[in-house]
1. Would you list the helices (runs of 4 or more DSSP H) that sit entirely within the stretch 43-147 and hold 1 or more residues that are of a type in the set (Asp, Glu) and surrounded by 13 or more Cβ atoms within 10 Å (Cβ to Cβ)?
2. State which residue is modelled with the lowest pLDDT when the search covers only the stretch 48-67 and only residues that are in contact with a strand residue (DSSP E or B) (Cβ under 9 Å, 6 or more places away or on another chain) and small (Gly, Ala, Ser).
3. Taking only pairs six or more apart or across chains, which ones have beta-carbon atoms under 9 Å, a first residue in the stretch 17-42 that is over 16 Å from Val4 (Cβ atoms), and a second residue that is at pLDDT 95 or above and surrounded by fewer than 11 Cβ atoms within 10 Å (Cβ to Cβ)?
4. Output yes when any residue across the stretch 12-21 is among the aromatic types (Phe, Trp, Tyr), on the phi < 0 side of the Ramachandran plot and surrounded by 15 or more Cβ atoms within 10 Å (Cβ to Cβ), and no when none is.
5. Just to verify a result, which residue in the stretch 89-109, among those that are in contact (Cβ under 8 Å) with a residue 60 or more places away in the chain and under 15 Å from Leu6 (Cβ atoms), is farthest from the chain's Cα centre (by Cα)?
6. Tell me the residue from His99, His79, His113 that is of a type outside the set (Phe, Trp, Tyr), within 20 Å of His50 (Cα to Cα) and modelled with pLDDT under 95, please.
7. Give me a count of the residues in the stretch 103-121 that are farther than 16 Å from Ala58 by Cβ and either of a type outside the set (A, V, I, L, M, F, W, C) or touching a His at 6+ places or on another chain (Cβ under 8 Å) (or both).
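The values are calculated or read from the model by the stated rules, or taken from the named source; none is laboratory data. Quick caveat: nothing in here was measured; it's all calculated off a predicted structure. Because the Cβ atoms are built from the backbone with ideal geometry, glycine has one as well, and the counts that use them run over all protein chains shown.
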Amino acid sequence: MADVRLLTEPFDPAAELSAFAAAYPEAGGIASFLGQVRAGGGVEALELRHYAPLTLPAMRALGVQVQGRWDLDGLLVIHRSGVMNPGDPIVLVAAASRHRRDAFAAADFAMDHLKSESWFWKREQANGQWRWVEPREQDFEDIARWQ
């Protein structure tokens, strides 16, 4: 079963990844992706909002889909919501498998789906003003390659 969490508080990616790796000593490969609030461009904060009755169940369904598609020992998906500052972790996806290709593909697939079929609304604060952030065309192209 995948470890899928939706958090409103900060998390420590290094500690999470270390615990995940320790839980799957038989895995020959662990691939991970860490998304964080990017600094620069005048961004002062990022806020992610979501619809609670949909978000976590949909994230868990994604975990089931990923585990059904690749031969994995384990899957970790942690996603933040709320207001975050530059440098704060937003999302951590890690996949453990006997062989690296499954781990890489599973983490990549999960991240593309989290990004493109997102159950989050995102806005950035810059120069004291908030603006909504729409998905980019690249996000839709990334997810299309899995079909």
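1. Helices (runs of 4 or more DSSP H) meeting the threshold: 100-116, 137-144.
2. Once the filter is applied, the top-ranked residue is Ala52.
3. Qualifying pairs under 9 Å: Gln36/Gly87; Val37/Gly87; Arg38/Gly87; Ala39/Gly87.
4. Yes.
5. Pro89
6. Checking each option against the conditions leaves just His113.
7. Number of matching residues: 1.
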